[in-house]
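Presented below is the structure to which this report refers.
The values are calculated or read from the model by the stated rules, or taken from the named source; none is laboratory data. Everything quoted here is computed from the prediction, not taken from an experiment. Note that we place each Cβ from the backbone using ideal geometry, even for glycine, and neighbour counts take in every protein chain shown.
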Amino acid sequence: MTRDVDVSFLSGWGGEEPVIDVVLDRFEPRRRDAREFALRHRVVLVKASNDVPVDVALGAMPFEERAAGRASDFAVGDGEVLRTCSAEDLVVFKVFAGRPQDWVDVEGVVIRQAGRLDREQIVEELEPLLALKEDADSMPRLEALLAG
């Protein structure tokens, strides 16, 4: 488990600047060039008032739109609610990112969901994204995790 927050805003293509500016007005940037970095890499790197790192992704791809449409509310206590992506979409996001911690997270999701994941949806969403990256290794690795 990492101690950070990942958030996505559907900015679309060309709508990034207003989102970036609002985020940087409300949170402390983690880089001096945070605005320029966000415009280049589609992620705003800031930190919350308690110093927890927050990565704000600027969504625009059709998968991100579909994932937002499938998101649901998750009660976090005292009447507070977070809108979270589905477990399947989290697997897609994590496998696509492909960092070592992401794979640890994927394994945790697979274990926690104990056979309830919609494999067909994951494969359908993930295959074109991995093709964009020319990544032939991640799908077999995921399939092995799903097979248990």
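When A34, A38, A57 are checked against the criterion of being in contact with a helix residue (DSSP H, G or I) (Cβ under 9 Å, 6 or more places away or on another chain) and within 19 Å of Q101 (Cβ to Cβ), A57 stands alone in meeting it.
The set of residues in the stretch 34-54 that are surrounded by 15 or more Cβ atoms within 10 Å (Cβ to Cβ) and either touching a Cys at 6+ places or on another chain (Cβ under 9 Å) or of a type outside the set (G, A, S) (or both) comprises R35, F37, R42, V43, V44, L45, V46, K47, V54.
What do you reckon, is G115 assigned by TED's automatic domain parsing to the domain that holds L130 and on the phi > 0 side of the Ramachandran plot? When the stated conditions are applied, G115 passes them.
Taking every residue in the stretch 129-140 that is loosely packed, with under 10 Cβ neighbours inside 10 Å and pairing it with any residue that is in a helix (DSSP H, G or I), at least 6 positions away or on another chain, the pairs with Cβ-Cβ distances below 8 Å are A136/L130. Residues that are in contact with a Phe, Trp or Tyr (Cβ under 7 Å, 6 or more places away or on another chain), over 29 Å from R31 (Cα atoms) and assigned to a helix (DSSP H, G or I): does the stretch 115-125 have at least one? Yes; the residues of the stretch 115-125 include at least one that is in contact with a Phe, Trp or Tyr (Cβ under 7 Å, 6 or more places away or on another chain), over 29 Å from R31 (Cα atoms) and assigned to a helix (DSSP H, G or I).
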